[in-house]
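Here's the structure, in structure tokens; my notes come after.
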Amino acid sequence: MINLIHGDCVEVMKDFSNDSIDLIVTSPPYNIGNMKSNNTSHGTYQNNNMKEKDYQNWQLHFLNECFRVLKKDGSLFYNHKVRIKNGIAIHPLEWLSKSSFLLKQEIVWDMGKSANCDKIRFFPFSERVYWMVKDPKTKINNVNNLSDVWRVVPTHKRKLTRHIAVMDQRIVDNILSTYQKKQIVLDPFMGSGTTGISCLNYNHQFIGIELDGDYFKAAKERLEYHQSQLSLPW
């Protein structure tokens, strides 16, 4: 089952019941400029360049709303990166640690390459996936014996996804492979629908939220097409 919602994720989630979602997999805008920001309070198009304090407060508010809708034994997998602004590294744990979530594990996404190959620092070839939980006893079933370093070189084609920055589907696949029972999976920053594609492949229920109209349309078209190839009901 797929449910796609066009709107601001924080506002949309206010209509969700407490403890109603099994799993959240998402990657928010990184606030590094030259990208669309999925945030109505600062406008849909702000070149993804909010004031850092505002950005972190927004993410903290978003995370606590995720905490509310997540079931007690649920998990949030949150993809982000260590950004460098004004010569200083800004780590996502700066705001993650202030949320209501507990940090279960930090996974390193080894991307194998970087578009930021300047000579003044060591080249940044990695991003992070944070496994956040409400209950420290929360577990997964690591049937594929994955380590906490995932080497996944991005291969997506922008012409297909129509999105400037896509979390590689293999990252989502790694997460969903640890859930053998059917889950209600939410992606509040759906983008072009990558999490939904993986949910179809793993037979999970998917709820996707996206504010940007172009991305929402792209996600809907991608998911409808993929679902038709699997001969699954919409």
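Over the chain, average the accessible area per residue using a 1.4 Å probe and give it in Å², no decimals. Spell out each step's value before the answer.
Working: 11790 Å² over 234 residues.
Accessible area per residue: 50 Å².
Of 111, 69, 131, whose Cα points farthest to the positive end of the dipole of the chain (charges on the beta-carbon: +1 Lys, Arg; -1 Asp, Glu; origin at the Cα centre)?
Projecting each Cα onto the dipole axis, the largest value belongs to 111.
Round to a whole angstrom and tell me the spacing of the C-alpha centers of region 196-224 and region 108-153.
If we compute the Cα centre of each part, the gap is 23 Å.
State the antiparallel share, in %, of DSSP beta bridges confined to the chain, rounding to the nearest 5. Can you show the working numbers first?
Working: 17 of 36 bridges.
Bridges in the chain are about 45 percent antiparallel.
Assuming R0 = 41 Å, can you tell me the calculated FRET efficiency for the pair residue 97 and residue 15, based on Cβ-Cβ distance, to the nearest 0.05? Before the final figure, lay out each step's value.
Values: r = 28 Å, r/R0 = 0.69.
According to the calculation, E is roughly 0.90.
When the accessible area of the chain is computed with all protein chains present and a 1.4 Å probe, what percentage of it is carbon and sulfur?
Details: 6000 of 11790 Å².
Carbon and sulfur together cover 51 percent of it.
Hey, quick one: spin label on residue 139, modelled 7 Å out along Cα-Cβ, who in region 201-220 has an amide N within reach, i.e. under 12 Å?
It comes to no residues whatsoever.
Take the chain, connect every pair of alpha-carbon atoms lying under 10 Å apart with a spring to form a Gaussian network, then pick out the residue of 29, 124, 92 with the largest mean-square fluctuation.
Highest fluctuation among the options: 124.
Give me the mean projected area, in nm² to one decimal, of the convex hull enclosing the Cα positions of region 165-234.
On the way: hull surface 17.9 nm².
Mean projected area for region 165-234: 4.5 nm², to one decimal.
Place +1 on the Cβ of every Lys and Arg and -1 on the Cβ of every Asp and Glu in the chain, take the dipole about the Cα centre, and give the residue among 200, 218, 84 whose Cα lies farthest towards its positive end.
Going by the Cα projections, it comes out as 84.
The values are calculated or read from the model by the stated rules, or taken from the named source; none is laboratory data. Predicted model, so just to flag it, every value in this text is computed and none were measured. Cβ coordinates were reconstructed from backbone atoms using ideal geometry, including for glycine residues, and neighbour counts include every protein chain displayed. Areas reflect the complete protein model, heavy atoms only, side chains present, ligands, DNA and RNA absent. Shrake-Rupley method; radii C 1.70, N 1.55, O 1.52, S 1.80 Å.
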